[in-house]
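Working notes, structure below.
Every number in this text was worked out from the coordinates using simple rules, so none of it is lab data. Nothing here was measured: the structure is a model prediction, and the numbers come from that model. Cβ placement follows ideal geometry from the backbone for every residue including glycine, while neighbour counts extend to all protein chains displayed.
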Amino acid sequence: MLWTTGVAVSDWSALFAEMETAKRRVMASDREGLWRHESRKPPAAPERIAEITAETRCPVDPEYAEFLLHADGWPAVLQDIDLFGTADFGSAAYAQAQELVRVAEEEGIVERESGSARLIPMGASRTDIDILVMPWATELVRPAPVIWLAGGEIERYRTFSEFFRGMIAENHAEADSLA
């Protein structure tokens with residue numbers, strides 16, 4: 001089954017511009033150098049996105065796949081949380097995030113949604129316990145939510161595009177708190 005992702009291809013450039021504005025505000029306010037300040041990675045080739053399916057044994061959420069076709073991940077998308085690109089799946093950072101997901105599931109911090117096969121890490125902090133996960137199913141029937149975990153559920157976004165908009169807002173809030 002297919003659905004409308006809610007983010008047209010032309011909208012990604014607008015969302016990236018909003019994120020870059022928010023990230024510049026954080027960098028200008030981060031006088032003590034608390035956070036890394038990095039830009040999005042260049043677009044992924046479609047065959048690289050197919051490799052994620054092979055690695056995770058689940059199809060890639062269409063909105064996340066669309067994002068990857070425009071930016072193959074975003075290091076330090078918020079503070080020190082990296083939004084994974086295609087090269088991160090199967091990496092040491094991915095393995096560490098998988099372990100945090102396993103612990104979160106064992107401790108009942110997060111539960112898989114009905115019909116989901118696995119909780120797939122799609123981002124993680126380099127220095128803390130923050131992880132971003134998506135419940136992926138063996139068959140796509142609806143957009144996957146993005147769940148932000150850090151010792152508990154911080155936020156649950158209905159879709160990847162909603163998550164990305166949330167990260168823009170979080171960066172603006174971070175800039176305000178550092179000012």
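Observations, loosely collected:
- Percent of Cα pairs in the chain per distance bin of 10 Å, from zero to the largest separation: 10, 39, 38, 12, 1.
- Per residue, the chain reaches -13500 deg cm²/dmol at 222 nm when only DSSP H runs of four or more residues are counted, each adding -39500 (n - 2.57).
- Unit charges on C-beta of K, R, D, E only; dipole of the chain, Debye: 300
- Axial C-alpha extent at least 24 Å, average Kyte-Doolittle at least 1.0 - helices from the chain (DSSP): none
- Whether the stretch 38-110 is rounded, prolate or oblate, judged on the alpha carbon gyration tensor where a/c under 1.5 counts as rounded: oblate
- Nearest-20 debye value, the stretch 1-106 charge dipole, Cβ charges on Lys, Arg, Asp, Glu: 320
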